[in-house]
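Read the structure below first, then the notes.
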Amino acid sequence: MHEYSIAYDIFATAQRAAVENHATQVKAVKVDVGEFAMVNPEQVKFLFEVIAEDDPVFAGVSMECRTVKVRTRCDCGYEGDEKFVCPTCGGLPHIVEGKEIVVTNIEIEVNDS
């Protein structure tokens, strides 16, 4: 189940940001998940929450996943969202966006002291 390793990497990224910024609380983590990332965002979210529940800095954290649509480009010059067959030449377009999993925002609280 690769969703677990993805959830753990997201947690580790948020944890590292919390430590580097002396956070007292991690409130929310936002993640872009590509349409072709081949993961179930709901499973990743669930596993992230399970991993985070033992860390008091993450108490009550929420994770939001936003789906990134596939964007392709073909050697013939076509650019669009066709995933499998270029509508212009019939070739196989290259996926240029929509396979990634990226932490885009980590909302934290810090003491002002």
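Just so it is clear, none of the values below were taken in a lab; they were calculated from the coordinates. Note that the structure is a prediction, hence the values are computed from the model and not measured. Neighbour counts are summed over all protein chains in view; Cβ atoms, including those assigned to glycine, are modelled from backbone coordinates with ideal geometry.
Mind checking the angle between helix 41-52 and the chain's longest principal axis? C-alpha axes, 0 to 90 degrees, to the nearest 10.
20 degrees
Total Lys pairs in the chain closer than 16 Å by alpha-carbon, pairs eight or more apart in sequence or interchain only?
On the way: LYS27/LYS45; LYS30/LYS45; LYS69/LYS83; LYS69/LYS99; LYS83/LYS99.
Lysine pair count for the chain: 5.
If you project the alpha carbons of segment 2-110 onto their three principal axes, what span does each projection cover, largest first, in Å?
Principal extents (largest minus smallest coordinate, Cα): 55, 24, 16 Å.
DSSP loop chymotrypsin sites (Phe, Trp or Tyr not before Pro) in segment 1-77 with at most 16 other Cβ atoms within 10 Å of their Cβ, which ones? Walk me through the numbers on the way to the answer.
Values: sites: TYR4, TYR8, PHE11, PHE36, PHE46, PHE48, PHE58; in loops: PHE36.
Passing both the DSSP loop test and the Cβ count: PHE36.
Identify which of CYS86, CYS76, CYS65 has the largest mean-square fluctuation in a Gaussian network model of the chain, with springs joining Cα atoms closer than 10 Å.
CYS76
Among GLY34, GLY90, GLY80, determine the one that fluctuates most according to a GNM of the chain built with springs between C-alpha atoms less than 10 Å apart.
The residue that fluctuates most here is GLY90.
Let's test the formula: R0 of 25 Å, r as the Cβ-Cβ distance of GLU109 and ARG66. What FRET efficiency results, to the nearest 0.05? Intermediate values should be presented prior to the final figure.
Values: r = 23 Å, r/R0 = 0.90.
Efficiency, rounded to the nearest 0.05: 0.65.
Treat every Asp and Glu Cβ in segment 8-62 as -1 and every Lys and Arg Cβ as +1, leave all other atoms uncharged, and give the resulting dipole magnitude about the Cα centre to the nearest 20 debye.
Working: 4 positive and 9 negative charges, 34 e Å.
The calculated dipole for segment 8-62 is roughly 160 debye.
Taking the Cα centroid of segment 60-86 and of segment 7-58, what is the distance between the two, rounded to the nearest whole Å?
Rounded to whole Å, the Cα centres lie 23 Å apart.
Where does helix 2-20 land angle-wise versus the long Cα axis of the chain, in degrees 0 to 90, nearest 10?
50 degrees
Which residue, VAL68, VAL39, VAL50, tops the fluctuation ranking in a GNM of the chain built on C-alpha contacts under 10 Å?
Judging by the Gaussian network model, the answer is VAL50.
Using a simple charge model, +1 on the beta-carbon of Lys and Arg, -1 on the beta-carbon of Asp and Glu, nothing else, what dipole does the chain show about its Cα centre, in debye to the nearest 20? Before the final figure, lay out the partial values.
Numbers: 10 positive and 20 negative charges, 70 e Å.
It comes to approximately 340 debye.
Helix-derived [θ] at 222 nm for the chain: sum -39500 (n - 2.57) over DSSP H runs of at least 4, divide by residue count, nearest 500?
Values: 2 runs with 31 residues, N = 113.
The helix contribution divided over the chain gives -9000 deg cm²/dmol.
If the rule is a partner Cβ under 4.7 Å, which cysteines in the chain fail it?
Cysteines of the chain left without a disulfide-compatible partner: CYS65.
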